[in-house]
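Asks: Before I ask anything, let me first share the structure, which is written out below as structure tokens.
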Amino acid sequence: MLIELQNIHKDFGRVKAVNGASLTIRPGEIHGILGENGAGKSTLMKVLSGVCRESAGTIRIDGTPVNLFPPEKAASVGIGMLYQDPLDFPPLSVLENYCLGNSTTGFGATGRNETRFLEQAGRLGFQLNPRHRLNTLTLGERQQVEILRLLSLGAETLILDEPTAGLSLPQKRTLFQSLKTLAADGKSILFVSHKIAEAESLCDSITVLRRGVVIGSAAKPFETARLLSMVFGSARSMPSRKQRVAGNTVLEMAGIYGRGGRSGLIECSQSLRHGEIVGLAGLSGSARGLFLRIAAGLQPPDMGQVRLKGRTVTGKGPDVFRQEGVAFLPAGRLEEGLVPGLDITEHLMLQNAAGAAVLDRRQARKNALGKLRAFHIPAEPDWCVETLSGGNQQRLLLSLLPETPDLLLLEHPTRGLDMDAAGWVWQHLQTVCGDGAGIAFSSSDLDELLQFSDRILVFYNGRLLANRPAQDLNAQRLGQAIAGAL
Amino acid sequence: MRSGWGRPLPAPSKSMPGMDHTRVVKRYLSDVAIAFLALFCLPSAALLIAGVSPFAAFCHLFSGVIGSWSKISHVLSAWTPLTLCACGLLYTFRINLWNIGVEGQIILGAVFATAVLRWCPSDALGRVWLMLSLLAGAGGGILWGLLAGQLKTRGGINEIFSGLGLNFAAQGLVLWLVFGPWKRLGTASMSGTEPFPAALWLPRLWDARISPTGLILLFVVAAATGLVLMGTGTGLRLKAIGSNPRAAHLYGLSRHRNMLLAMACSGGIAGLVGSLQITDVYHRLLPAISSNYGYLSLLVAMVAGYRMRWIPLASLLFACLNHGSIQLPMNLGIDSSFAGVMQGLLVLTILGLHGRHAKGR
């Protein structure tokens, strides 16, 4: 299937998300779409998958102009989209999810479907049990189910939006291998990412977007420096690590057991000091998220003690933890962090307004303008949060935190952010830490863990496997530890 | 948890994608055309099949509303409770709760108000007892609202089911009271308890069917609701939790406390409506004391797009349809359920148009 996008525009009110992008995707090709946050990658892919209608421009498939809106239409011509968070049905089994939207029914259909599923999964190197429930699977495995489902529905072109976010290294390898197999079968793959190294190792050709326009394209073999300069304008690097002195203990956990994730948290004893950055490493579902949630008071532990600055707070609600200076930043920015439908000013008012007092909108707007400037967010106070890019949403969330927290807990603080935005976030976090906050963050990015942590905790199957200063580890050893082989 | 149907639509925000001018005009013209089709042509066709002139039917509907002062005051007597209840429902819709128990909250308000008036020892301090009965009515509504709220926050029971259950319970309570302990001397009947002496009626101006007290309460409640929801921290918190309950903890908001607050506000206003039905309209307790205003006000809130400024107009429409159709059976021989048909069409049309706009974004 040959797809040609010609001069595509997509406006959201005053925001021109895509501003005249043209590109061609050939059959059997893995085509990378690179760009920073807010470059228009996701919007362009939404147009291609029929989620939104283009404001102007033509889409041709094998030479014929087509209309891909709504998504059913795009699916019927063979375009399948794999979202960052898979759109599946967690309470159903793997096989049931696979069969959704599939017309093979009737006597013996389950058996036939299962055979077909196992055959297809085997070919792509996916090890999945069709009878397991989807909510017991990791993100990577759910992604594999979704890929198989899209293929069974007849997808000829697969769009993958940031598919490697939250994947472990082996899962990433499996994914890349399967994509190469599919391309060899003649399917086209669109790989949307902001990770240049990944795109280089996987793609046959790459198109770079910046501010809604195609900046340039490249074919294999790629020149990293050229790609970097196309994506960022000029090459940049992450901020360097600063030396700090750790202070008193702020968080103490003793013998904590907790439920959740794949394995729960088993007998975890750990402490964290002021002015210390602790990275939490592990596979997804390996209890590092649970660790953060128990430390934030969002979930009471089944057993064990939690102490904050010496005070026992086990079993107390999140409000008590907040009063003790604990701040938590979830990975799901729009799902758990911000309130879609409210604008930026309202978020600040929500943070500050106590009781039933009448709100002073003008003053709040002024404060919001100040915050936006201080956190370099290019937005107006009356913009709704869902119109912000991921990086700006993260900046906004950081601006909503108390100014001097004692303990800052972050889930994947830079997931889905480009290097520029991630660099800014880390600069900010290091300042906060320098002011005396203890920081714990989870991440799947080994470089990020190694670069910014003073100490790294590795979780494996619910247990704290290792607790090492970051300088004693390198990417290889950390990777081994995450896989349980230390 | 809940399907998309009838979920409070987010107000179109200032920074959502806009449309160019001609498309907006075209869209509004087609909206008007659809509304005309649904609200005029469809019922007309039904009337023609029934052998009645649509022109005559709509004329009667119209004259039933503004034909005379007494008719206008009749309409106002339905408009007041509908608007009040719909105002109360805004609190619960804001936090994404479906307070379908509003019907039972009205009934409990009426029961509490009746109880206070029955205890009134003499007619001497009538005004004081009237005020007490209004307060007691609000208290009854709050009690019933909080009960549904507690079942939701502690028991995890969907407020729609508990609300419906509590409606039946309230209805049963009234029937028991009317036919049992509070029955008329001699015989019990559906026409209710013994009427109260005139000193315990809310005073009326001229021969209107509604007292100024009710209207004053209406304006106070409407203004307060608008202020609380649009301009205070409480309103903002309800909206935030309703839009994204999972984010509440980040802002230190208690979902349960705010849900109970919304249920209490909604129930309190409904209870007030119940006590007005006693002190202002019927002057006795009867089984049909709520006049279904609770269920109707849910429709009013939906038609108003869950926004305060459209509520008075929407409830006026419903009050007109309700009252304008009273004469239809007598004059034209069509069933009075014609009003129900019109109300149903109105709700479906407006929700359909809402849906069309939401989809087009």
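Asks: Assuming B:PRO203 fulfils every condition listed in (1) more than 9 Å from every other protein chain (Cβ to nearest Cβ); (2) surrounded by 22 or more Cβ atoms within 10 Å (Cβ to Cβ) apart from one, which condition is it?
Replies: Status for B:PRO203: all satisfied but (2).
Asks: Residues B:ALA301, B:ALA270: which one is in contact with a Cys (Cβ under 7 Å, 6 or more places away or on another chain), of a type outside the set (Asp, Glu), crowded, with 20+ Cβ neighbours inside 10 Å and closer than 28 Å to B:ALA138 by Cβ? Quick ask: steps written out before the conclusion?
Replies: Values: B:ALA301 fails: in contact with a Cys (Cβ under 7 Å, 6 or more places away or on another chain).
Matching residue, one of B:ALA301, B:ALA270: B:ALA270.
Asks: All but one of (1) under 30 Å from B:ARG184 (Cα atoms); (2) aromatic (Phe, Trp, Tyr); (3) surrounded by fewer than 23 Cβ atoms within 10 Å (Cβ to Cβ) hold for B:TRP310; state the number of the condition that does not hold.
Replies: Failing condition for B:TRP310: (1).
Asks: Next question, about the same structure. What is the residue count in the range B:209-227 for residues that are within 16 Å of A:VAL358 (Cα to Cα) and in contact (Cβ under 8 Å) with a residue 40 or more places away in the chain? Before the answer, list the steps.
Replies: Just the residues of the range B:209-227 that are within 16 Å of A:VAL358 (Cα to Cα), to begin with: B:223-227.
Now narrow it down to the ones that are in contact (Cβ under 8 Å) with a residue 40 or more places away in the chain: B:225-226.
Here the count works out to 2.
Asks: A follow-up question, please. Here is a check on your reading of the model: is B:GLY186 in contact with an Asp or Glu (Cβ under 9 Å, 6 or more places away or on another chain) and of a type outside the set (Asp, Glu)?
Replies: When the stated conditions are applied, B:GLY186 does not pass them.
Residues are listed down the side, and each one gets a yes or a no for (1) crowded, with 24+ Cβ neighbours inside 10 Å; (2) acidic (Asp, Glu); (3) within 18 Å of A:GLU336 (Cα to Cα):
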| position | (1), (2), (3) |
| --- | --- |
| B:VAL221 | no, no, no |
| B:LEU229 | no, no, no |
| B:ASN244 | no, no, yes |
| B:GLY252 | no, no, yes |
| B:SER266 | yes, no, no |
| B:LEU276 | yes, no, no |
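Asks: Every residue in the range A:280-323 that is closer than 24 Å to A:THR404 by Cα and assigned to a strand (DSSP E or B), please.
Replies: Answer for the range A:280-323, where residues must be closer than 24 Å to A:THR404 by Cα and assigned to a strand (DSSP E or B): A:LEU280, A:VAL306, A:ARG307, A:LEU308, A:ARG311, A:THR312.
Asks: Pick from the range A:14-58 the residues that are touching a Pro at 6+ places or on another chain (Cβ under 8 Å) and without any contact (Cβ under 8 Å) to a residue 40 or more places away in the chain: which of them is farthest from A:GLY416 (Cα to Cα)?
Replies: A:GLY50
Asks: OK, next. I'd like to verify a number: residues in the range A:373-391 that are touching a residue at least 24 places away in the same chain (Cβ under 8 Å) and either in a helix (DSSP H, G or I) or basic (Lys, Arg) (or both), how many?
Replies: Here the count works out to 6.
Asks: Sort out which residues of the range B:318-357 are surrounded by fewer than 19 Cβ atoms within 10 Å (Cβ to Cβ) and under 16 Å from B:ILE72 (Cα atoms), and write them in order of number.
Replies: Passing the criteria: B:ILE326, B:GLN327.
Asks: Exactly one of these conditions fails for A:LYS195: (1) in contact with a Phe, Trp or Tyr (Cβ under 6 Å, 6 or more places away or on another chain); (2) within 10 Å of A:LEU34 (Cβ to Cβ). Give me its number.
Replies: Single failed check for A:LYS195: (1).
Asks: Here are B:SER73, B:SER77, B:SER63: which of them is of a type in the set (S, T, N, Q), in contact with a Lys or Arg (Cβ under 9 Å, 6 or more places away or on another chain), outside the structural domain of B:MET230 (by TED's automatic domain parsing) and under 26 Å from B:HIS323 (Cα atoms)? Even if it seems obvious, please write down each step before you answer.
Replies: On the way: B:SER73 fails: outside the structural domain of B:MET230 (by TED's automatic domain parsing); B:SER77 fails: outside the structural domain of B:MET230 (by TED's automatic domain parsing).
From the options B:SER73, B:SER77, B:SER63, the qualifying one is B:SER63.
Asks: For B:ALA115, work out the one condition from (1) part of a helix (DSSP H, G or I); (2) under 27 Å from B:THR225 (Cα atoms) it doesn't fulfil.
Replies: Unmet for B:ALA115, out of (1) part of a helix (DSSP H, G or I); (2) under 27 Å from B:THR225 (Cα atoms): (2).
Asks: Right, something else. Does B:HIS256 count as at pLDDT below 95 and at the interface with chain A (Cβ under 8 Å from one of its Cβ atoms)? Give the steps one after another, and end with the answer.
Replies: Working: at pLDDT below 95: yes; at the interface with chain A (Cβ under 8 Å from one of its Cβ atoms): no.
No.
Asks: Could you grab me the full set of residues in the range A:107-151 that are part of a loop (DSSP other than H, G, I, E, B) and of a type outside the set (Val, Ile, Thr)?
Replies: Here is the first cut: in the range A:107-151, the ones part of a loop (DSSP other than H, G, I, E, B) are A:107-108, A:125-132, A:137-138.
A:PHE107, A:GLY108, A:GLY125, A:PHE126, A:GLN127, A:LEU128, A:ASN129, A:PRO130, A:ARG131, A:HIS132, A:LEU137 - these are the residues of the range A:107-151 that are part of a loop (DSSP other than H, G, I, E, B) and of a type outside the set (Val, Ile, Thr).
Asks: Report, ordered by the first and then the second residue, all pairs with beta carbons closer than 7 Å, sequence separation of six or more or different chains, a first member in the range A:208-236 that is over 14 Å from A:GLY32 (Cβ atoms) and of a type in the set (Gly, Ala, Ser), and a second member that is at pLDDT below 85 and outside any loop (DSSP other than H, G, I, E, B).
Replies: So the pair list comes out as A:GLY212/A:LYS16; A:GLY212/A:ALA17; A:ALA235/A:ALA225; A:ALA235/A:LEU228; A:ALA235/A:SER229.
Asks: Of all the strands (runs of 3 or more DSSP E) wholly in the range A:392-486, which have at least 3 residues that are under 19 Å from the mean Cα position of the chain (by Cα)? Full working, then the answer.
Replies: On the way: elements: A:407-411, A:438-442, A:455-460, A:463-469.
The strands (runs of 3 or more DSSP E) meeting that bar are A:407-411, A:438-442.
Asks: It is to be established whether one or more residues within the range A:394-405 are within 28 Å of A:ARG259 (Cβ to Cβ), more than 12 Å from every other protein chain (Cβ to nearest Cβ) and at pLDDT below 85.
Replies: Taking every residue of the range A:394-405 in turn, none turns out to be within 28 Å of A:ARG259 (Cβ to Cβ), more than 12 Å from every other protein chain (Cβ to nearest Cβ) and at pLDDT below 85.
Asks: Go through the residues of the range A:20-30 one by one and say whether even a single one is within 14 Å of chain B (Cβ to nearest Cβ) and within 22 Å of the chain's Cα centre (by Cα).
Replies: If we filter the range A:20-30 for residues that are within 14 Å of chain B (Cβ to nearest Cβ), which is where we start, we get none.
No, that holds for no residue.
Asks: Identify, from the list A:ALA17, A:ALA39, the residue that is under 21 Å from A:LEU388 (Cα atoms), assigned to a strand (DSSP E or B), in contact with a strand residue (DSSP E or B) (Cβ under 8 Å, 6 or more places away or on another chain) and among the hydrophobic types (A, V, I, L, M, F, W, C).
Replies: Numbers: A:ALA39 fails: assigned to a strand (DSSP E or B).
Only one candidate qualifies: A:ALA17.
Asks: Residues being under 28 Å from A:SER443 (Cα atoms), part of a helix (DSSP H, G or I) and more than 9 Å from chain B (Cβ to nearest Cβ): count how many of those fall in the range A:324-372. Let's see the steps before the verdict.
Replies: Kept after step one, since they are under 28 Å from A:SER443 (Cα atoms), are these residues of the range A:324-372: A:324-340, A:344, A:347-348, A:351, A:371-372.
Pick out the ones that are also part of a helix (DSSP H, G or I) and you get A:333-337, A:344, A:347-348, A:351, A:371-372.
Adding the requirement that they be more than 9 Å from chain B (Cβ to nearest Cβ) leaves A:333, A:344, A:348, A:371-372.
So the answer is 5.
Asks: While we're on this one: Taking A:VAL339, is it of a type outside the set (D, E, K, R) and surrounded by fewer than 17 Cβ atoms within 10 Å (Cβ to Cβ)?
Replies: Working: of a type outside the set (D, E, K, R): yes; surrounded by fewer than 17 Cβ atoms within 10 Å (Cβ to Cβ): no.
In short, no.
Asks: Same structure, new question: Looking at (1) in a helix (DSSP H, G or I); (2) surrounded by 18 or more Cβ atoms within 10 Å (Cβ to Cβ); (3) more than 14 Å from chain A (Cβ to nearest Cβ), which one does B:ILE289 not meet, given that it meets all the others?
Replies: Of the numbered conditions (1) in a helix (DSSP H, G or I); (2) surrounded by 18 or more Cβ atoms within 10 Å (Cβ to Cβ); (3) more than 14 Å from chain A (Cβ to nearest Cβ), the odd one out for B:ILE289 is (1).
The values are calculated or read from the model by the stated rules, or taken from the named source; none is laboratory data. Worth saying up front: this structure is predicted, and the values here are computed from it rather than measured. Reconstructed Cβ throughout: ideal geometry from the backbone, glycine too, with neighbour counts over all protein chains shown.
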